[in-house]
Amino acid sequence: MPETIKLKKGLDIKLEGEAGGEDPRPVPCALHALKPTDFRALVPKLEVKAGDRVRAGDPLFSNKHNPAVKFTAPVSGTVEEIRRGEKRKILAVVVKADERITYKEFATPAPGEEAPGERIIELLLESGLWPLIKQRPYDIIADPATRPKAIFVTAFDSSPLAPDYKILLKNERPALRAGLNALSKLTGGTLHLNARAGETPLPADDLPRNVKINHFAGPHPAGNVGVQIHHLDPINKGETAWVVNLPDVALIGRFLSSGRVDLRQLVALAGSEVTAPAYLSTITGARVGDIVKGRLRDRERQRVISGNVLTGERVTEDSFLGFYHRLITVIPEGDRPEFLGWATPGLEKFSMSRAFPSFLFPNKRYRLNANYHGEQRAFVMSGQYEKVLPMDILPVYLLKAILAGDIEKMEQLGILEVAPEDLALCEFACTSKIPVQEIIASGIERMMKELT
Amino acid sequence: MKSLRAFLDKHKPAFEKGGKYHLFRSVFTGLDSFLYVPARTTRSGCAIRDAIDLKRTMSVVVLALLPALLFGIYNVGYQHARVTGEDVAFVQQFLYGLWRVLPMIIVSYVVGLSIEFAAAQLRGHEINEGFLVSGLLIPMVMPVTAPLWMIALSTAFAVIIGKEIFGGTGMNIWNPALLARAFFFFSYPSRVSGDTVWVAGLPDGLSCATPLAEAYQGTPITPGLETMFWGLIPGSIGETSTFCILLGATLLLITGIGSWKIMLSTVIGGAGMALLLQHALPADNPYSHVTVLQHLLAGGFAFGAVFMATDPVTAAQTGPGKWIYGLLIGIIAIVIRALNPGYPEGMMLAILLMNTFAPLIDWCVVQRNVTRRIKRGRVATRA
């Protein structure tokens, strides 16, 4: 049994409305979209216009700076609209799905045939599945021209109300095997498979030779791949690692075995405002309204989030499931002023600090809303961020270096090792309500601009 | 409560930019957000946020200060009754104390908050909650005989020079309350040291020394350890009762708002230094007779360790930095007491000195983190 890496720092926020079993009611799939904004630092170049016919796997847009990286339609149908925002920025390419999906056929390796790494990369780029592979530093889509020192696959999600990968992947064993086998050829180094302590995502004889299974124990963010890398093989200046989520490995494997871009998958619908939190069967980029329709309590104004409550994106019903998301969380909006709210005992409130009684009830589940619970202030408290960041990084100093625009300091203090999601709990816990993730994202953007 | 909310909403526009009373915008929004936690919800980043905010944090600190404050008020009356020989009841002693202390608190809050509101208005900032604590701390570290105008002047100095010119709460280098005391201390030394300032209404010709002053003068410390622990001794208003300070410390430690690292390391540093001096000093030095417990119970040591050294803005902010910072405060405070011919008490100066050096300590800690990362990179390249 391999050694378990035990993380002490972090925080499990227990929310009401964890997804239970599968919801058999089908999700109507009328509209699906790919959102260029799901990909950090991507400048999209459109490959279609409204009215075009596409098959599942036909490109919708590509990376302007590297046209080989394509983003393809998750369903077949007609391009309904190119949704644009300010300055004509492309927000979403929307496809109206056919009743029956037709797939573009890719010439994937025949069963039993071993394709070399280059061929796999080519196929993934062509099929639009390449963006499922991200890289560190910077948490962006992997650069197909580099060779990573290692690939890290995280096999669990520790965030609040996270979908259980065991449920997501219960019928995907062959796809996982094919996917891991393909990934193992993309690095000369190790393919790390990072599981929760006590779990085995796949039997060992299913795994390629250069796979190493690591186990992690501890509260969130133990499941964040950035934290895992930090403890296994930290990223130094000049190094690159690739990262993939285990459910995405299944999509890659399914594609390589079938030759089709088949992005059907389970998505969890969770949160206190969901009538019966459950797993739904849908396809990448589904319209949020179609997923949540008839499944919410509607007792007060609601916040719908694509992803989890810490890192997810606020969406409207007319928006679409994020490319990397397998969770939609619905919580109360909480947009009501609260009389002397800072002074009340706050039995229903949750706090990491012990200034609220929530620390006395460690197992209670909370119905938390999206209220700020305060106003933004300068950094006052110290030592708070450190409690929820299981990395040898001084978060406040890193943030200050970013705010000061000091590239060298940012690098010295570890910006190459973090993604905004790794410091999401710092933002949650912050007394001064500092927008931590936004600052980290701006730091990453700055690094990329200055160093390329 | 609905009518109050409606009232605030109705008058809000008058205070916004271009409104009739926009000069008082900071006052209005300060009051509004004090009465109602704003309805504002998250836009980016985490959708949910911890329930804690700076108002909650600061009110916990104020709550932690209350036992020491209430006791201090009572002690003012008690000491007064003691020196005048009046035989009065507990309630009357407390009321006498209240009559002396309440004006000091009011002056400190009115002066400090006015400056804060004005500064917030000038900068277009929101009012920061920091002064809620500072405004209470300032009278608590003053002798009860301090004239109100001196308190007003010290408060103004601390808020303007100590805080606002650096950018307000969170940006200051020195603890504002201690800076107020330091200003007072160096501007009007006769009003904050000696044997006559610690008791209100002291009859002419009488004197009443604090235990530290007794040690300083080379006479034995008169109050027993028990009296010093409960706090019925002369001293600054809030500092005398170690028991009440410990009550406050308990609240700060339970809530996690005060740093246990700083409190513990300050006590360790002070106790260690006191022990060392007790044995190292020659027998004719009066401080060789002051025990560790006497040092810890006397003067502002406990108050400083619990409420002043732990100010998160002016203390060291890294984990290891806090240990070094606290240890040095404890050590320096005792060194100033025992080895300095000028001042009987050293806690204030020790904390202000370490406030000054806290960024340097943190810099060293940060640098160690940077070096570790660079080294790790070098090892990786070589391999």
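The values are calculated or read from the model by the stated rules, or taken from the named source; none is laboratory data. None of these values were measured; they are calculated from a predicted model. Quick reminder, even Gly has a Cβ in these numbers, built from the backbone with ideal geometry, and neighbours come from all protein chains shown. With ligands, DNA and RNA removed, areas are computed over all heavy atoms of the protein, side chains included. Shrake-Rupley method; radii C 1.70, N 1.55, O 1.52, S 1.80 Å.
The listed residues A:230, B:289, once ranked by accessible area (1.4 Å probe) with the largest placed first, stand as B:289, A:230. Sparse packing (at most 14 other Cβ atoms within 10 Å of the Cβ) combined with a DSSP loop state is found for the following trypsin sites (Lys or Arg not before Pro) in the stretch A:154-212: A:170, A:209.
Distances between placed amide hydrogens fall under 5 Å for residue A:69 paired with A:63, all partners being 5 or more residues away or on another chain. Simple rule: put +1 on each Lys or Arg Cβ and -1 on each Asp or Glu Cβ in the protein assembly as shown, find the dipole, and look at B:292, A:63, B:59; the Cα lying farthest toward the positive end is A:63. Pairs exceeding 20 Å between alpha-carbon atoms, taken from A:9/B:261; A:70/A:170; A:96/A:166; A:134/A:185: A:70/A:170; A:96/A:166. Label point of residue B:86 set 7 angstrom out along Cα-Cβ; within the stretch B:233-263, no amide nitrogen lies under 13 Å from it.
Globularity index of the stretch A:167-248 is 1.10 (Cα radius of gyration / 2.2 N^0.38 Å, N = number of residues).
Rounded, prolate or oblate, given the Cα gyration tensor of the stretch A:227-358, with a/c below 1.5 counting as rounded? The shape class here is oblate.
Under 5 Å between amide hydrogens, built in the peptide plane, is the criterion, and for residue A:192 it picks out A:151, A:152, A:153, A:212 among residues at least 5 positions away or on other chains.
Let me know the Kirkwood hydrodynamic radius for chain B, please, with Cα pairs as the basis and the value in Å to one decimal. Evaluated on chain B, it is 22.5 Å.
For the stretch B:162-179, the Karplus equation 6.51 cos²θ - 1.76 cosθ + 1.60, evaluated at θ = phi - 60°, returns couplings of x, 10, 5, 5, 8, x, x, 3, x, 10, 6, 8, 10, 4, x, 5, 5, 5 Hz by residue, with Gly and Pro reported as x.
What FRET efficiency comes out for residue A:339 versus residue A:12 if R0 is 41 angstrom and r is the Cβ-Cβ distance? Round to the nearest 0.05.
Working: r = 31 Å, r/R0 = 0.75.
About 0.85, to the nearest 0.05.
Positive-end ranking of B:367, B:356, B:301 along the dipole of the stretch B:291-383, with charges on Cβ about the Cα centre, is headed by B:367. Placing a label point 7 Å from the Cα of residue A:297 along the Cα-to-Cβ direction, the residues of the stretch A:18-32 whose backbone N falls under 13 Å of that point are A:18.
For the Cα trace of chain A, dividing Rg by the Kirkwood Rh returns an Rg/Rh value of 0.95. Computed from the Cα positions only, the extents of the stretch A:384-451 along the three principal axes stand at 32, 22, 18 Å, in decreasing order.
Span-like helix criteria (full DSSP H runs; alpha carbon extent of at least 20 Å along the helix axis; mean Kyte-Doolittle hydropathy of at least -1.0) are satisfied in chain A by A:436-451.
Sequence-ordered 3J(HN,Hα) estimates for the stretch B:125-133 from the Karplus curve with 6.51, -1.76 and 1.60 and θ = phi - 60° stand at 8, 9, 5, 9, 7, x, 6, 4, 7 Hz, glycine and proline given as x. Spin-label model, residue B:4/residue B:364: points 7 Å from Cα along the beta carbon direction are separated by 5.0 nm. For the stretch A:1-98, the equivalent ellipsoid derived from the Cα gyration tensor has semi-axes of 34, 22, 15 Å, listed largest first.
What's the magnitude of the charge dipole for the stretch B:284-383 around its Cα centre, counting Lys and Arg as +1 and Asp and Glu as -1 at the beta-carbon? Answer in Debye, nearest 20. Before the final figure, lay out each step's value.
Working: 9 positive and 4 negative charges, 217 e Å.
In debye, rounded to 20, the stretch B:284-383 gives about 1040.
Secondary structure note: in the stretch A:266-352, about 80% of the DSSP beta bridges are antiparallel.
Charge dipole (Cα centre; +1 on Lys/Arg Cβ, -1 on Asp/Glu Cβ; no other charges) of chain A amounts to roughly 340 debye.
A crude spin-label estimate for the pair residue B:372 and residue A:164, with each label 7 Å from Cα along the Cβ direction, gives 3.6 nm. Put simply, the C-alpha atoms of the stretch B:241-383 give a gyration tensor, and the ellipsoid matching it has half-axes of 33, 19, 12 Å, longest first.
Give me the 1.4 Å probe accessible area per residue for the stretch A:384-451, excluding ligands and nucleic acids, in Å². Walk me through the numbers on the way to the answer.
Values: 2040 Å² over 68 residues.
I get 30 Å² per residue for this part.
Burial of accessible area (probe 1.4 Å, heavy atoms of protein chains only) in the stretch A:293-341, relative to its chain alone, reaches at least 50 Å² for A:337, A:339. All distinct Cα pairs of the protein assembly as shown go into the 1/r average, and the inverse of that average, the Kirkwood radius, is 29.9 Å.
DSSP loop (so not H, G, I, E, B), at most 10 other Cβ within 10 Å: list which trypsin sites (Lys or Arg not before Pro) in the stretch A:299-363 pass both filters.
Numbers: sites: A:299, A:301, A:303, A:314, A:326, A:349, A:354; in loops: A:299, A:301, A:326, A:349, A:354.
Filter output for the stretch A:299-363: A:299.
Between the listed residues B:89, A:312, A:399, the Cα displaced farthest toward the positive end of the dipole of the protein assembly as shown, a dipole computed from Cβ unit charges relative to the Cα centre, is found at A:312. Considering only alpha-carbon pairs that sit under 8 angstrom and 6 or more positions apart, the relative contact order computed for the stretch A:266-352 is 32 percent. Cα-based values for the stretch B:1-140, radius of gyration first and Dmax second, are 20.1, 66 Å.
Expressed in nm to one decimal, what extension gain is obtained for the pair residue A:448 and residue A:118 from 0.36 nm per residue of sequence separation less their Cα-Cα distance? Before the final figure, lay out the partial values.
On the way: separation 330, 0.36 × 330 = 118.80 nm, distance 2.61 nm.
Additional length available on full extension: 116.2 nm.
List the residues of the stretch A:139-173 whose backbone N lies under 18 Å from a point placed 7 Å from the Cα of residue A:197 along the Cα-to-Cβ direction. Once the point is set 7 Å along Cα→Cβ of residue A:197, A:155-159 turn out to lie under 18 Å by backbone N, inside the stretch A:139-173. Assuming charge only on the beta carbon of Lys and Arg (+1) and of Asp and Glu (-1), the dipole of the protein assembly as shown about its Cα centre is about 1540 debye to the nearest 20.
In the neighborhood of residue A:164, defined by Cβ-to-Cβ distances under 11 Å, what is the net charge if each Lys or Arg adds +1 and each Asp or Glu adds -1? Each step should come with its number before you reach the end.
Numbers: positive: A:166, A:170, A:196, A:326; negative: A:18, A:157, A:199.
It works out to a net charge of +1.
Rounded to the nearest whole Hz, the Karplus-based 3J(HN,Hα) values (6.51 cos²θ - 1.76 cosθ + 1.60, θ = phi - 60°) of the stretch B:74-87 follow the sequence 4, 5, 4, x, 4, 5, 4, 4, 5, 6, 8, x, 6, 9, with x at glycine and proline. Per-residue surface analysis assigns residue B:230 an accessible area of about 120 Å², computed on protein heavy atoms at 1.4 Å probe radius.
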